[in-house]
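Okay, so here's the structure we're looking at.
The values are calculated or read from the model by the stated rules, or taken from the named source; none is laboratory data. Predicted model only: the values in this text are computed from it and were never measured. Please note: Cβ atoms are built from the backbone with ideal geometry, for glycine as well, and neighbour counts cover all protein chains shown. Quick note on the areas: whole protein, heavy atoms, side chains included, nothing else; ligands and nucleic acids left out. Shrake-Rupley method; radii C 1.70, N 1.55, O 1.52, S 1.80 Å.
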Amino acid sequence: MANPSVANAPTSPIEADRDATRRHRAALLLVLGIAIVLPFVPPFTGQDYQRWLVGAALLAAMAVAFDFTAGYINVVNFGFAAFVGLGGYTSGLLAVDLGVSPWIGIFVGAALAGFVGLLTGMLTLRLRGIYAAVMAWFVGLAVMGLVRNLPDITRGSLGLNVPLLLDTSDNLPYYYVILGMLVVTLVVLTVVIRSYIGLAFRAIGQNLQAARASGINPTRYLVLNFALSSAFAGWLGGFYAHYYGILTPDVMLTSRTVEVLAVAYIGGRGSLWGPAVIAFPLSIAVELLRTQFANLPGLYLVLYGLLLIVVMIYRPGGVAAAARSVDEWIARRRRPEPVETPRAT
Amino acid sequence: MTTATNLRTVPLVRRYLTFTWLVLGLAVLIMIVAAIAQPSIVVDTLVTGGMWALLAGGLALIFGVMNIPNFAHGELFLIGSLVGFTVFSPIQDAILENPDAALLKVVGPFPGMIAAALVGAAVGVGLEVLLFRPLRKRSRDQWVMNTFLLTAGVSVLLVNMDRLVIGNDFRGITRYWDVPPIRLLDVSISVDRAMVFIIALITIALFSLFLQRTRVGRAMRAVAQDEAGAQMAGIDLKRIFMLTIGLSSGLASLAGAALLFMFPSYPDVGLQPLYLAWYVVILAGLGNVQGAIAGAFIVSLLQTLTVFYVGVGWVDVLPTGFIILILLFKPSGLFGSAVKGIWEQ
């Protein structure tokens, strides 16, 4: 059954490939367009909803940076929240103590988080798999302990008041800043993944021995990946600090890492865009739950836990894999049927 | 692993001057010095070390046999403390009403602990049937990382279910045995702590005997060494898995109930025991049960020294640094073998 109704349907595999690329680009631009106009669509015009949108975009960007490590080199950075906090505290302290503009501070924070990520990576990524994940967790716990125990510098659990990024407490400008940061994170990390470096990452993630046999130095690439992901974590942490205006050691809690991890895996490991897209509906739903059932603390985390369990057991590819199968279905529909040759009798 | 023939050829000095023995020797030396200078350090080390040994032994067992890096181990501690509290509260009331019932006073705390161990074991078996078995059926690709994330989801779920259903407050007791403390080595030890140490010792002894001397224990160790081989020898894997996770979970819950007077039950109570158990297991080498029991006392010594000489707040920072240092020299842990296991792939 040929499908002549489809205009400019692909005729060759290369055409089909280009068609797919066009389709994906259109879908992503559509999603980005929705994200841009969303704050003007009721009910998202309210300050509450806009604050949630900022939180959603921040979570999305963090999940992308997390997926860059977890989904490609297959190392789960269990100390992720500590790198976020490290960037936040660096930028915050620079602004408080030295009066450095937050716009510069967040990049310094990113650099420091990246550097600590580099050290942690060099230390732990010689170890593999679960050792690396657990060691990253320990490093995160140690960093959190340090922040908590140096109240002369960080004010410890009292919380550090940090100047805001913009001269306004209106949420809308912040939303566009973080949306921009999300796009930058997504684009930069996607470009890296598409390059030969990304090929090496995937090779290492799939089979370390085979990658090594093909002449890839695994440690170098693992450390590079880890440091880059940590740098983005620190950068986003800087935004966190200068948006909420207060920092406590609690930003580094393991449960924060698990939240980012859950979003990354529900969105789909190894896709980068999956976590970015799913973070929005997920975190808006979570915020609605949180306000509707304010008397039931922890309900939203029960939801995260359940979703993570279901995804891990039954849908390992997450939402991205589901989207991919829809995409394949569309591709099949658009592909012209092979011409049937009359069977010889 | 050094084989028997190698042992004979290696000179005596070289055989014992290994890194592992150095660290162990140092630990013993510190204990001896401490026993003279500050006997309370020795007491604290032994008492908490015994309980960490229960937790870490279970963690090492479940990792060794089932290759599950259990991130929800702390939540079994939580379940244990909750069950212990629920069972012990009415008994405590009864004791207060009849202050003369000596027998009740002596055996009163035990039903709670036994109930906790049983409930913990049941929850563990439930996790195996509901979660790990379906996952095992679906895919064993990247099993270690997947189960790690799966148990992270379980941990979030259980913690917040507790918060949701039971409530976000502390449920604790001041003491199990209402008798004056005993004096030993110039330190007064509360009877609770002494009893906890004795319970830990007896449990560890039974646990080791079970693993070393019984048929089922041997079968467990066989599965840990070679799953396929064990299956070919006629070992029922399903049964061994259920037994392993039940035993491991039961030990964690027993620790939770026994330490109720130190750790009152509340949703996040499991976090510290969890990462301490992980410190121990990483330090000792993943999957090594006997190593974990020895490692528990080393970690406990580190903790006690940190608390005593530096400050309570540093208890997360300094032991972590020490563990990272050890792993730099011995990446597979103090008692880990040089053979690369499945979990490092």
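Overview of values
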quantity	calculated
Cβ-based charge dipole, chain A, positive-most Cα from A:60, A:291, A:200	A:200
Neighbour net charge for residue B:158 - beta-carbon separation under 14 angstrom, K R +1, D E -1	-2
Paired Rg and Dmax values of the stretch A:219-272, which use every Cα atom, in angstrom	13.2, 38
Surface per residue (accessible, 1.4 Å probe) for the stretch A:13-334, Å²	42 Å²
Chain B: most fluctuating residue of B:25, B:246, B:124 per GNM, C-alpha cutoff 10 Å	B:25
Carbon plus sulfur fraction of accessible area for the protein assembly as shown, probe 1.4 Å, in percent	66 percent
Two-site FRET efficiency, residue A:214 against residue B:232, from Cβ-Cβ distance with R₀ of 41 Å, rounded to 0.05	0.75
Descending Cα extents along the principal axes, the stretch A:191-241, whole Å	44, 19, 15
Inverse mean reciprocal Cα-Cα distance (Kirkwood Rh) of chain B, Å	21.1 Å
Surrounding net charge for residue A:155, when Lys and Arg each add one and Asp and Glu each subtract one, Cβ distance under 12 Å	-1
Area projected by the alpha carbon convex hull of the stretch A:13-334, averaged over all directions, nm²	17.7 nm²
Chain A: relative contact order in percent, alpha carbon pairs under 8 Å with at least 6 residues between	31 percent
Cut-off 14 Å between beta-carbons: net charge of the residues surrounding residue A:300, Lys and Arg +1, Asp and Glu -1	+1
Those residues of the stretch B:272-307 for which accessible area with every protein chain present is at least 10 Å² below the isolated value (1.4 Å probe)	B:275, B:278, B:279, B:282, B:286
With 10 Å bins from 0: P(r) over the protein assembly as shown, alpha-carbon pairs, percent	3, 14, 23, 25, 18, 10, 5, 2, 1, 0, 0
GNM top mover of B:247, B:286, B:164 - chain B, alpha-carbon springs below 10 Å	B:164
Area hidden from solvent between A and B (accessible, protein heavy atoms only, 1.4 Å, total, Å²)	4100 Å²
Check: chain A dipole with +1 on Lys, Arg Cβ and -1 on Asp, Glu Cβ, in debye	1000 debye
Residue-averaged 222 nm ellipticity for chain B, from DSSP H runs of 4+ at -39500 (n - 2.57), nearest 500	-23000 deg cm²/dmol
Diffusion constant of the stretch B:92-204 at 4 °C, which comes from Stokes-Einstein with the Kirkwood Cα-pair radius and 1.567 mPa s, µm²/s	72 µm²/s
Positive-pole candidate from A:177, A:69, A:34, dipole of chain A, charges at beta carbon	A:69
As computed over the stretch A:133-249, the Cα convex hull volume per residue (Å³)	118 Å³
For chain A, calculated [θ]222 nm from helices alone, where every DSSP H run of n ≥ 4 adds -39500 (n - 2.57)	-24500 deg cm²/dmol
The stretch B:4-344: relative contact order in percent, alpha carbon pairs under 8 Å with at least 6 residues between	35 percent
Span-like helix ranges in chain A, DSSP H, alpha carbon extent 18 angstrom or more, Kyte mean at least 1.6	A:102-124, A:171-194, A:299-314
Zero-based 10 Å bins, Cα pair distances in the stretch B:231-345, whole percents	12, 34, 35, 15, 3, 0
Förster radius 45 Å - calculated FRET efficiency between residue A:167 and residue A:22, Cβ distance, rounded to 0.05	0.60
Relative contact order computed over the stretch A:255-329 (Cα-Cα under 8 Å; 6+ residues apart), in percent	41 percent
Top of B:56, B:94, B:277 by mean-square fluctuation, Gaussian network on chain B, Cα under 10 Å	B:94
Only Lys, Arg (+1) and Asp, Glu (-1) charged, at Cβ; the protein assembly as shown dipole about Cα centre in debye	2280 debye
